[in-house]
1. Determine the dipole magnitude for region 224-316: charges of +1 sit on the beta-carbon of Lys and Arg, -1 on that of Asp and Glu, nothing else is charged, the reference point is the Cα centre, and the result goes in debye to the nearest 20.
2. Per-residue ellipticity at 222 nm for the chain, helices alone: DSSP H runs ≥ 4 residues times -39500 (n - 2.57), over residue total, nearest 500 deg cm²/dmol?
3. Between Asp117 and Asn185, with labels modelled 7 Å along Cα→Cβ, what's the label distance in nm to one decimal, could you check?
4. Please report, in debye to the nearest 20, how large the charge dipole of region 133-253 is about its Cα centre when each Lys and Arg carries +1 at its beta carbon and each Asp and Glu carries -1 there.
5. Farthest toward the dipole's positive end in region 133-253, which of Val134, Ala203, Leu213, given Cβ charges of +1 (Lys, Arg) and -1 (Asp, Glu) about the Cα centre?
6. May I ask you to sort Leu231, Leu239 by Cβ crowding, counting other Cβ atoms within 10 Å and putting the fewest first?
7. What would the Debye formula give as log10 I(q)/I(0) at q = 0.07, 0.08, 0.09 Å⁻¹ for the alpha-carbon point model of the chain, no solvent?
8. What fraction of the Cα pairs in region 133-253, stated in percent, has a spacing above 18 angstrom?
Amino acid sequence: MSVFTSKILGRAVAATATFLIGCTSVAVAQENYPSSPIRLVVPFAPGGSTDLVGRLIAEYLSKNLGQSVVVENKGGAGGALGAEHIARSKPDGYTLGMATVSTHGSNPAIYSNLKYDARKDFTPISNVMGVPSVFAVHPNIPAKTMPEFIALAKAEPGKYTFASPGVASLGHANIENFMMQADINLLHVPYRGAGPALNDALAGQVDAITDNLSSTLPHLLEGRLRPLAVLGAERSPMLPDVPTYIELGFPAMGTGGWFGVVAPAGTPKAVVDRVNAALHEAAQDPTFRERAEKLGGTIMVNTPEEFAEQIDAAIERYTRVAKAANIQPN
């Protein structure tokens, strides 16, 4: 064997050894996961429903994974900025993110200029809970039930108003979907956020609103707003007398919002499985379930594959709505 050939073989052996050592290091790192604090990115501002759910999830992930899980809020652009940040993070399991029907449903369906792909740029880990929204009217509106409200709206098209957090928001898309299903015409009044929209609905400046149950529930219980329908898979135990859209004959409305956990695309399967197991463990904890219910949530943990199907279904539903209603972002 020539000296040249020996050198080539030596380099090949060294490269192979380096590669194998690298693979072993990755495998060991995955087996020891997590060995340092984890970030859970919430793509909305502190204090909102996604933030509240995210902090609950972070607390129990920390408990079940044996490592600190720190919530990091990155709000803006209806969740798009935070979702992009999650997608661009290193796929090592130390950056996880909250996914919602907005970030992984209505936004991808409505906005063509998103800097992330809701399907390709993430690894779904698990849905965690469903949080229904509620359609409510001001008490000045004479309708006591949804059929009565539909009758009023049909009798005077365009007279009754509804508030949303903004043009092309999830609330806007949901009501556009409902108007198409019920064959009614309501006047859209967009606001800069859910807070101002809710304030004007409470003041009677607008006739109706759809909002997360967790945000609206205190006002419903106090009689400041009248609930007519719940967007959820089943009736909320908080509002047992209020029917779902499905019960009212509008199955195309879907089953409401959800909050899940995702990771950047390419996150190792061993890591995904570890976090998924920790979320399922949390879901079995009676205190976790109790606290989730107080947020208006229903536990909905599932597999990564099932969560991916939920994301696909949400994108497809809101794509149909955006096209049919010609929803155009500002």
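1. 440
2. Mean residue ellipticity, 222 nm, calculated: -14000 deg cm²/dmol.
3. In this crude label model, Asp117 to Asn185 measures out at 4.0 nm.
4. Computed about the Cα centre, the dipole is about 140 debye.
5. Selected residue: Ala203.
6. Leu239, Leu231
7. After summing over all Cα pairs, the log10 values are -0.33, -0.41, -0.50.
8. 45
Any read-out appearing in this document is the output of simple, stated calculations on the displayed coordinates, not a laboratory observation. Bear in mind that the values here come from a model prediction, so they are computed numbers and not experimental data. Every residue, glycine as well, gets a Cβ built from its backbone with ideal geometry; the counts of neighbours run over all protein chains shown.
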